[in-house]
Amino acid sequence: MNTKFLFLIGFLMMVISTNAQTQRIDSTAVYLLSRTTETMQDIKSCSFTAVTTYDILTNNLGLVKHAIIDKVAIKFPEKMKVTSTGDKGNRALLYNGQSLNYYSYDNNTYATTAAPNSVIETIDDVSKKYGIEFSAADFFYPSFASDIQSSSEDLVFLGKTTINGKECFHIAGRDKTKSFQFWIANDDLFLPLKMVIIYTDQKESPQFEAVYKDWVINADLPDTLFEFKAPPKATKTKFAPREKTK
């Protein structure tokens with residue numbers, strides 16, 4: 001048999017073996033993320049607070065950390081309210097199943113746009129059009145656990161730890177563009193308590209961190225909570241289109 005052909009077979013087997021050894025998908029990590037996904041899909045309504053910090057790269061100071069506090073209320077499938085304070089100002093987003101309303105407490109201005117007929121579709125739509133991101137959005141997607149598993153080069157369970165006095169499971173992983181960590185509550189609901197993302201494909205590897213607390217599940221949230229009425233003397237504006245990346 002041709003020795004060159006034998007060499008190619010040996011080289012391919014070595015590559016396959018190396019890939020198999022370096023990729024780690026921990027079944028315990030997959031199970032825990034799947035339990036979180038199941039819980040999120042069973043929720044009829046919820047409210048929580050997200051304390052978020054994120055890095056912005058500057059010319060002179062390098063990475064500068066910013067913070068936002070979001071108070072979130074969701075009534076599935078078609079109601080959502082997010083009230084935010086922090087470095088992006090004081091504002092509110094209200095979705096009632098037909099329209100998404102934005103209000104700036106700082107400027108007394110508001111904008112309204114038509115929206116799809118579900119929370120998840122609305123999150124996708126306004127993220128693509130206007131660059132608006134929503135706290136904990138990833139966890140509410142039905143494919144959350146399977147997407148993490150399929151895209152990860154490593155996904156491991158690191159053991160138990162404590163976040164804000166609550167015992168939780170610690171999971172870490174990485175894919176081609178980032179590394180990430182999740183902290184999942186060690187209770188019957190497996191709710192997310194914290195998430196960290198490090199964007200390893202970007203200059204100086206900026207980080208995103210969110211702590212989720214004050215969870216209330218399946219509370220009776222009135223529809224009026226999600227309706228918007230412009231305050232006196234408020235000025236109507238338009239949603240700004242998302243900036244195109246080069």
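Some observations on this one:
- Test: residue in segment 181-188 that is at pLDDT 95 or above, assigned to a strand (DSSP E or B) and over 16 Å from the mean Cα position of the chain (by Cα): yes
- Close pairs (6 angstrom Cβ cut-off, 6 or more residues apart or separate chains): of a type in the set (Val, Ile, Thr) in segment 89-114, buried (at least 20 other Cβ atoms within 10 Å of the Cβ) anywhere: Thr112/Asn101; Thr113/Leu100
- Test: residue in segment 69-76 that is touching a Leu at 6+ places or on another chain (Cβ under 8 Å), buried (at least 17 other Cβ atoms within 10 Å of the Cβ) and more than 30 Å from Phe157 (Cβ to Cβ): yes
- Segment 173-199, residues that are among the hydrophobic types (A, V, I, L, M, F, W, C) and farther than 15 Å from Met40 by Cβ: Phe180, Trp183, Val196, Ile197, Ile198
- Annotation: Asn117 fulfils all but one of (1) touching a Gly at 6+ places or on another chain (Cβ under 9 Å); (2) loosely packed, with under 14 Cβ neighbours inside 10 Å; (3) part of a strand (DSSP E or B); the unmet one is (3).
- Test result for Asn107, part of a loop (DSSP other than H, G, I, E, B), modelled with pLDDT of 95 or more and surrounded by 11 or more Cβ atoms within 10 Å (Cβ to Cβ): yes
- Val211 vs. criteria buried (at least 16 other Cβ atoms within 10 Å of the Cβ) and either touching a residue at least 40 places away in the same chain (Cβ under 8 Å) or outside any loop (DSSP other than H, G, I, E, B) (or both): yes
- Residue among Ile132, Ile197, Ile120 that alone is in contact with a Phe, Trp or Tyr (Cβ under 6 Å, 6 or more places away or on another chain) and not aromatic (Phe, Trp, Tyr): Ile197
- Residue in segment 124-147 that is nearest to Leu193 (Cα to Cα), counting only those that are of a type in the set (A, V, I, L, M) and touching a residue at least 24 places away in the same chain (Cβ under 8 Å): Ala136
- Taken over segment 90-101, the criterion of being part of a strand (DSSP E or B) and more than 20 Å from the chain's Cα centre (by Cα) is satisfied by Ser99, Asn101.
- If you go through segment 124-139 and keep only what is closer than 17 Å to Arg242 by Cβ and in contact with a Pro (Cβ under 9 Å, 6 or more places away or on another chain), you end up with Asp124, Asp125, Lys129, Tyr130, Gly131.
- Segment 127-150: number of residues that are assigned to a helix (DSSP H, G or I) and touching a Lys or Arg at 6+ places or on another chain (Cβ under 9 Å): 5
- Condition check for Asn117 on (1) of a type in the set (S, T, N, Q); (2) at pLDDT below 95; (3) under 27 Å from Ile56 (Cα atoms): one failure, at (3).
- As for segment 145-154, it holds at least one residue that is within 19 Å of Ile25 (Cβ to Cβ), buried (at least 18 other Cβ atoms within 10 Å of the Cβ) and under 15 Å from the mean Cα position of the chain (by Cα).
The values are calculated or read from the model by the stated rules, or taken from the named source; none is laboratory data. Quick caveat, the model's predicted, so the values are computed rather than measured. As a convention, Cβ positions derive from the backbone with ideal geometry for all residues, glycine included, and neighbour counts pool all protein chains shown.
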